[in-house]
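These notes concern the structure reproduced below.
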Amino acid sequence: MKRVLIIDDDARNIFALVATLKAKGYQTESCDSAEEALSILKEDEAFDAILIDMMMPEMDGYEAIPLIRKIPLHAKTPVISVTAQAMSGDREKCLASGADDYLSKPVDVDQLFRILQTAYHD
């Protein structure tokens, strides 16, 4: 079973992503800050992918992704940025920060699963 960490400061987004992923047989864990995510990732090597909101208070996804990449256990874990901004250049900025792919909110479920399948090489 694939395990996904969801990092988002909006409980509604977490709820929707958890429900969507669980319906397809994914195991999920979630947290509402990048700081908490970094603590989790330093302790747990069992994540197959990470979904991270790019716009969070205190530490945003642009700051967090390079720190995630510095954790040896997660240097190559697929990181998918999720943002409500969807402005010109956002995808490139997300990828430049170290994300493997990019989704805009509201998340297109079919696109999410295509990205996860590509990330896992299923």
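Inspect all residues belonging to the stretch 37-48 and state whether any of them is among the hydroxyl-bearing types (S, T, Y), more than 14 Å from the chain's Cα centre (by Cα) and at pLDDT 90 or above. I'd like the intermediate steps shown before the answer.
Pass one, the stretch 37-48, residues among the hydroxyl-bearing types (S, T, Y): 39.
Restricting the remaining residues to those that are more than 14 Å from the chain's Cα centre (by Cα) gives 39.
When the remaining residues are screened for being at pLDDT 90 or above, the result is 39.
Within the stretch 37-48, one or more residues are among the hydroxyl-bearing types (S, T, Y), more than 14 Å from the chain's Cα centre (by Cα) and at pLDDT 90 or above.
Yes/no matrix, rows are residues, columns are (1) within 16 Å of D8 (Cα to Cα); (2) out of contact with any Gly (no Cβ under 8 Å at 6 or more places or on another chain); (3) polar (S, T, N, Q):
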position: E45; (1), (2), (3): no, yes, no
position: D48; (1), (2), (3): no, yes, no
position: D53; (1), (2), (3): yes, no, no
position: M59; (1), (2), (3): yes, yes, no
position: Y62; (1), (2), (3): yes, yes, no
position: A99; (1), (2), (3): yes, no, no
position: S104; (1), (2), (3): yes, yes, yes
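Kindly indicate which of G61, G25 is touching a residue at least 40 places away in the same chain (Cβ under 8 Å) and either surrounded by 16 or more Cβ atoms within 10 Å (Cβ to Cβ) or over 14 Å from V82 (Cβ atoms) (or both).
Checking each option against the conditions leaves just G61.
The values are calculated or read from the model by the stated rules, or taken from the named source; none is laboratory data. Computed from a predicted model, the values in this text were never measured in an experiment. So basically every Cβ, Gly included, is an ideal-geometry build from the backbone, and we count neighbours across all protein chains shown.
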